[in-house]
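Shown next, in structure tokens, is the structure this report addresses.
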Protein chains: 2
Amino acid sequence: MSGADAGPKAALSEVEKLSIDTIRTLAIDAVQKANSGHAGAPMALAPVAYTLWNRYLRYDPARPHWPNRDRFVLSAGHASMLLYALLHLAGVAREDGGNEPAVSLDDIKQFRQLDSRTPGHPEYHFTTGVETTTGPLGQGVANSVGMAMGGRFLGERLNKPELPLFDYNVYAICSDGDLMEGVSGEAASIAGHLRLSNLCWIYDNNTITIEGHTELAFGEEVATRFLAYGWQVLRVADANDVHAIASALETFLQSSDRPTIIIVNSIIGYGAPKKQNTAKAHSDALGEDEVKGAKRAYGWPEDAQFLVPDGVVQNFRDGIGARGAALFSQWEGFLKAAKEADAEHAEDVTAFLEGRLPEGWDRDIPVFPADAKGLATRESSGKVLNAIAPHVPFMLGGSADLAPSNKTKLEFEGAGTLAPFEPGGRNIHFGVREHAMGSIVNGLGLVGLRAYGATFLVFADYMRPPIRLASLMELPIFHVFTHDSIGVGEDGPTHQPVEQLLSLRAIPGLVTLRPADANEVAEAYRLIFSLKNQPAVLALSRQPLPTLDRAQYASAAGVAKGAYVLADSEGSPDVILIGSGSEVQLCVSAYETLKAEGVKARVVSMPSWDLFERQDQAYRESVLPPDVLARVAVEQGSVIGWDRYAGSSGAIIGMHTFGSSAPLKDLLKKFGFTPDKVLEAARDQARRHRR
Amino acid sequence: MSGADAGPKAALSEVEKLSIDTIRTLAIDAVQKANSGHAGAPMALAPVAYTLWNRYLRYDPARPHWPNRDRFVLSAGHASMLLYALLHLAGVAREDGGNEPAVSLDDIKQFRQLDSRTPGHPEYHFTTGVETTTGPLGQGVANSVGMAMGGRFLGERLNKPELPLFDYNVYAICSDGDLMEGVSGEAASIAGHLRLSNLCWIYDNNTITIEGHTELAFGEEVATRFLAYGWQVLRVADANDVHAIASALETFLQSSDRPTIIIVNSIIGYGAPKKQNTAKAHSDALGEDEVKGAKRAYGWPEDAQFLVPDGVVQNFRDGIGARGAALFSQWEGFLKAAKEADAEHAEDVTAFLEGRLPEGWDRDIPVFPADAKGLATRESSGKVLNAIAPHVPFMLGGSADLAPSNKTKLEFEGAGTLAPFEPGGRNIHFGVREHAMGSIVNGLGLVGLRAYGATFLVFADYMRPPIRLASLMELPIFHVFTHDSIGVGEDGPTHQPVEQLLSLRAIPGLVTLRPADANEVAEAYRLIFSLKNQPAVLALSRQPLPTLDRAQYASAAGVAKGAYVLADSEGSPDVILIGSGSEVQLCVSAYETLKAEGVKARVVSMPSWDLFERQDQAYRESVLPPDVLARVAVEQGSVIGWDRYAGSSGAIIGMHTFGSSAPLKDLLKKFGFTPDKVLEAARDQARRHRR
């Protein structure tokens, strides 16, 4: 597993020193010009990042999307200029085989300016070469665990003897803050458990945080903690000691049974005469004096700005560039040979590389027959998931220790469990670690896998940061959140979501679906798998819900539009009943009674606000005609936001408080989710708005 | 620091064995009757909990609110029957000195039923003797760290020589799940750092999770991890070995320089013939056969239900009851002597014990003069906080490593820093651990302190579970969330909140405030400190906001009502401009232009939806008259929910996407938050709705 072409013994040449100091001064100058940003970490870590990139990283700057490239994650995202400098100097192209640079010198001069390729924190999808969006601490390292799991999974599934299509390594640079965040601990525990020896974290142990020295709040022994997680722990006493850095990387490359953390002692703001090694070097422009002082310390021309000395770019071409090109070329050969050797395998590989769903992926999705007793949407979800998964080999996921409740286990033959020495399993046991689950699912998504997580809806609160980032990164991952209301019953208010659904709806770009019955679940999955650049979440019931007779009511295909007329009357309705999930049955029940009474009612099933908002005005008004003001909205969640659909004078039946511990039937009565309550509200609305 | 009156050598007597099995069988019978719940952990842990409670816990069942009681936290909240059985058998009273039991045998028979005192998971404020609401894993142990910090803080502040008013210990029982959650790691790191030797976690190492054996996902060395955090690690090889449990507790009581974790190997569902030691013993009723089998194994009458044998209650009276009464009586003496010794001190002690704010606590809250340039609301927050804190000695808090940005540092003389050997400091360095901060703040609140946390608003996402629990527990803690919009500027979308404010507003009971200027900040703090049973959060700007001239516009006292008319015209307005926080100035600017043009405009400053919703209809309609449909709502956050105030035909200027990295002035233009845009919308509204 060695990717090195220069052993650790290689001394630092003049051009290497120049290259390192170019990274430093580009960071200094960019932050100074923007008058904001973080130069301190790039100044400290330039030798580490340089050594990794130019001596070890298996990465072809001309092919930044090469699927078997080593991944470099800057978990300490505030140090973004470190990454931008590397992308620029290594000549990373904006697209595979293209000439346009991902980050030009002009881009660096536009650091942190509107629409520049060099935003304050690295943004995936926006700047080529950025492997994941970082900034919220702990996320990058946790993503890296998913990337490493994904690499192993792909290797197990797609490699052929002597033809390693996937054997990349994953490197992540992290800060004190990353390691203080609980999510990194969760992720490290999983990585150690799974013995991910293709994973290397480089810990920037600079002992400085925003509030001051780490001893203010961080007294633990990081090395011992990682030994406890089952990691190999290496130390580099001085971030400027390139030889020691190289040695540590070599040791990582030679290890085969556990992940590695390299603890690198560094000096934040290295070179800045007064600010180095203080919290003042963490952020903000250094100021003219410190800038000049640092440049003097590096032996750099004091007044030069954005200087890239002769030889530096060539040095990267000779290093990462030459190595990457050779590796890519070799890999192309592997790919060709692998395809030739096995036609069926070729289709699998091609489908994955093209990022497409295999033909007929949805052919086994069941149509659920009408059934008054019905089944919980978590149950139908499990059936649909297991109908799709056999046809989508690059899909994997699991639950945060609630698979039996979430019904997310893939149970068909060969699904397998992802375990320490079984990296190809498609069922992941995340343990009781929702936050890391979210971040790892993102990491899996970042390497092109169709990944999912699962827990109770109320515990989506534990994993909001990665859900938000999935949306910001436009990753088509998904999460299965069951037990989506007071329908949880006896477990009580700690386990009954109220505000979670709304909170998820509020995340820009996230598709949030709360299907009403088994056939809406099936349509929801069709929709989710059609998404290319949006994550999705499902809110599913614990309790059985009737499967609606779709001969009598409208087709569930309307799910794709977010809301649709499920049941209607002739002409303009006297009242519209709007519901989602388990409350649609209440609307249908009220509708039937009203119909018998001669009241013209309409039922709108509204599984997704965001999908509905994306429809054109004509469709939206066809579902909710503006002149029909008599409306009742029913949902076992926060009432906030429903005014938009119920209108200023409509009725909203929802939750205004937390839930309670009791059998469900008692809770429905206590909180007013009964057919009678809905009927009463509907009659009242029809009366008030009689035309 | 010894609280034991029975050494570890004491053998298990017959009545002790009976007592332990009573706990087990009450749990079994309650779960069986409810047909839901978790008996497995109580069956396993009964000997541990019995030993702790009846031999060691410094707790007076007749005085469950005694401020210096040892705290017992059941972090594994699903094992609630363990706690309810203990509360019942120990005879814990519902109120101090009262006769009514906190949990009667009838309550146990009503386990998990509507409005019973024995909900599925233990709920603080609802069942006396429950020290914190648990169920969401990791929260209880993290709360316990706050309780231990609080105990040390109170001891340092209020104890007199030889008069220990506060020297309680904190015990928490936790599960595998608690230790897998990142928040417990964060909290344990802080506890180790602060050397909280009054803290003891008892880890139920039963090796079973819901998905199966812990080896599926939990391969780490827990003992080593805790050594890394700086804890004392003890082991008990068999949960039934009362002697070993007692020894470990003695060792904890004798340690003085670090927290302790006791790793207890247990058998989940101990005694159930077929289900013990399997995931099937985790939850749900055991079934008749297993119930009988377990009872046989304990030597219990097979058919007896809810049996409390003779002698068991007396045994608890002789143990925890007698010890607790003596300790309480001794403490009353300490209190009397301490008050007599020092009158000023007496007032401090009394104020704390009565849970009231000292007289004149708000006397130094500044009135900020009108100032067009103004200051950021985070800045005015810092000033107000520092004006209040000197007069409220039982207030403490800090930031998750962002104090210089959040402006939350208490800077007056004597404020001090809470540090390893300085437990009385009022500035806490939480490190980059938002989640644990939230849970620790809850723990501090649970022991009666006025505690606060702080971070950027976007990172409120990292700590939603404890914010939710603060609201469910009705704890008057608060959090200072700064950098509350795209006003963050160059740090970009990872640091710019969009959906966070709405997500917080959706938490039932939480008071959410986004003040518009320095004087609204002052009023917001007045309101927050007046709260007795609600948590609050502040959303504050990074950027300067003009301080409005309150001679020209209405008084900021309207903040307490959630929304108020800030600027108005004669008669019914042609258009209403509604804003919060940094957008109120846009409304005021548009108002002034409209006024000059002869358009009758009104500005409503709306810092808090939830406070506004709590006002009566007359007030709400006086602010937002139903017949004035021309409305513009402006807020740099998600548009969801604003329909309620803007109305179906009003305009909403808000965020529909994530933000972007750029200087603020560019972002305001890009996202449409300019006086011109607001003016344009106002004119359009006035025109459309001309009457």
Would it be correct to say that B:Ser381 is among the small types (Gly, Ala, Ser), buried (at least 20 other Cβ atoms within 10 Å of the Cβ), farther than 20 Å from B:Arg157 by Cβ and in contact (Cβ under 8 Å) with a residue 60 or more places away in the chain?
yes
Pairing a residue in the stretch A:230-245 that is more than 14 Å from every other protein chain (Cβ to nearest Cβ) with any residue that is open to solvent by 40 Å² or more (accessible area, probe 1.4 Å) and part of a helix (DSSP H, G or I), where Cβ atoms lie under 7 Å and the two sit 6 or more apart in sequence or on different chains, gives A:Leu234/A:Thr251
Determine which member of the set B:Arg644, B:Arg631 is among the basic types (Lys, Arg), within 12 Å of chain A (Cβ to nearest Cβ) and closer than 22 Å to B:Ala560 by Cα.
B:Arg644
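Rundown of residues vs (1) among the aliphatic types (A, V, I, L, M); (2) surrounded by 18 or more Cβ atoms within 10 Å (Cβ to Cβ); (3) in the same structural domain as A:Gly146 (by TED's automatic domain parsing), yes/no style:
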site: A:Phe166; (1), (2), (3): no, yes, yes
site: A:Ala172; (1), (2), (3): yes, yes, yes
site: A:Ser175; (1), (2), (3): no, yes, yes
site: A:Cys200; (1), (2), (3): no, yes, yes
site: A:Thr209; (1), (2), (3): no, yes, yes
site: A:Glu220; (1), (2), (3): no, yes, yes
site: A:Thr251; (1), (2), (3): no, no, yes
Is there a residue in the stretch B:36-57 that is assigned by TED's automatic domain parsing to the domain that holds B:Gly212 and surrounded by fewer than 18 Cβ atoms within 10 Å (Cβ to Cβ)?
no
Going through the stretch A:553-593 one residue at a time, which ones are over 26 Å from A:Arg614 (Cα atoms) and either touching a Gly at 6+ places or on another chain (Cβ under 6 Å) or buried (at least 24 other Cβ atoms within 10 Å of the Cβ) (or both)?
A:Leu586, A:Ala590, A:Tyr591
Considering only the stretch B:363-446, give the helices (runs of 4 or more DSSP H) lying wholly within it that have at least 3 residues that are among the polar types (S, T, N, Q).
B:377-388
When you scan the stretch B:199-227, how many residues do you find that are under 23 Å from A:Arg258 (Cα atoms), facing another protein chain (nearest Cβ under 7 Å) and of a type outside the set (Gly, Ala, Ser)?
7
Answer from B:Pro493, B:Pro476 - the residue that is within 7 Å of another protein chain (Cβ to nearest Cβ) and at pLDDT 95 or above:
B:Pro493
All positions within the stretch A:267-295 that are open to solvent by less than 70 Å² (accessible area, probe 1.4 Å) and within 30 Å of the chain's Cα centre (by Cα):
A:Ile268, A:His282, A:Ser283
Conditions (1) within 30 Å of the chain's Cα centre (by Cα); (2) free of Cβ contacts under 8 Å to residues at least 60 places away in the same chain; (3) assigned to a helix (DSSP H, G or I); (4) more than 13 Å from chain B (Cβ to nearest Cβ); number of the one not met by A:Thr251
(1)
Does the stretch A:26-33 include one or more residues that are of a type in the set (Val, Ile, Thr), more than 25 Å from the chain's Cα centre (by Cα) and open to solvent by 10 Å² or more (accessible area, probe 1.4 Å)?
no
Can you find a residue that is surrounded by fewer than 17 Cβ atoms within 10 Å (Cβ to Cβ), among the β-branched types (Val, Ile, Thr) and assigned to a helix (DSSP H, G or I) anywhere in the stretch A:320-328?
no
What is the residue count in the stretch B:130-140 for residues that are more than 9 Å from chain A (Cβ to nearest Cβ) and out of contact with any strand residue (DSSP E or B) (no Cβ under 7 Å at 6 or more places or on another chain)?
1
Of the criteria (1) surrounded by fewer than 18 Cβ atoms within 10 Å (Cβ to Cβ); (2) farther than 20 Å from B:Val432 by Cα; (3) of a type in the set (S, T, N, Q), which one A:Gln232 fails
(1)
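One line per residue, one yes/no per condition, for (1) under 19 Å from A:Arg195 (Cβ atoms); (2) more than 13 Å from chain B (Cβ to nearest Cβ); (3) open to solvent by 10 Å² or more (accessible area, probe 1.4 Å):
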| site | (1), (2), (3) |
| --- | --- |
| A:Pro119 | no, no, no |
| A:Glu123 | no, no, yes |
| A:Thr128 | no, yes, yes |
| A:Ala142 | yes, no, no |
Looking at (1) in contact with a Lys or Arg (Cβ under 8 Å, 6 or more places away or on another chain); (2) surrounded by fewer than 24 Cβ atoms within 10 Å (Cβ to Cβ); (3) in contact (Cβ under 8 Å) with a residue 24 or more places away in the chain, which is the only condition B:Gly416 fails?
(3)
Criterion first (in contact with a helix residue (DSSP H, G or I) (Cβ under 6 Å, 6 or more places away or on another chain), open to solvent by less than 30 Å² (accessible area, probe 1.4 Å), closer than 30 Å to A:Ile208 by Cα and more than 12 Å from chain B (Cβ to nearest Cβ)) does A:Ala90 satisfy it?
yes
Which count do you get for residues in the stretch A:61-77 that are over 22 Å from A:Gln254 (Cα atoms) and either more than 14 Å from chain B (Cβ to nearest Cβ) or without any contact (Cβ under 8 Å) to a residue 60 or more places away in the chain (or both)?
7
Taking B:Glu181, is it without any contact (Cβ under 8 Å) to a residue 40 or more places away in the chain, farther than 19 Å from A:Phe658 by Cβ and either open to solvent by less than 20 Å² (accessible area, probe 1.4 Å) or more than 8 Å from every other protein chain (Cβ to nearest Cβ) (or both)?
no
Please determine whether any residue of the stretch B:437-445 is out of contact with any Phe, Trp or Tyr (no Cβ under 8 Å at 6 or more places or on another chain) and either in the same structural domain as B:Leu158 (by TED's automatic domain parsing) or surrounded by fewer than 24 Cβ atoms within 10 Å (Cβ to Cβ) (or both).
no
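Quick one: would you say B:Gly397 is in contact with a helix residue (DSSP H, G or I) (Cβ under 9 Å, 6 or more places away or on another chain), modelled with pLDDT of 95 or more and within 14 Å of chain A (Cβ to nearest Cβ)?
Taking the combined requirement at face value, the residue satisfies it.
The values are calculated or read from the model by the stated rules, or taken from the named source; none is laboratory data. What you see is a predicted model; the values in this text were computed from it and never measured. When we count neighbours, we look across all protein chains shown, and the Cβ atoms used for this are built from the backbone with ideal geometry, even at glycine. Protein only, heavy atoms only, side chains kept; ligands, DNA and RNA dropped before computing areas. Shrake-Rupley method; radii C 1.70, N 1.55, O 1.52, S 1.80 Å.
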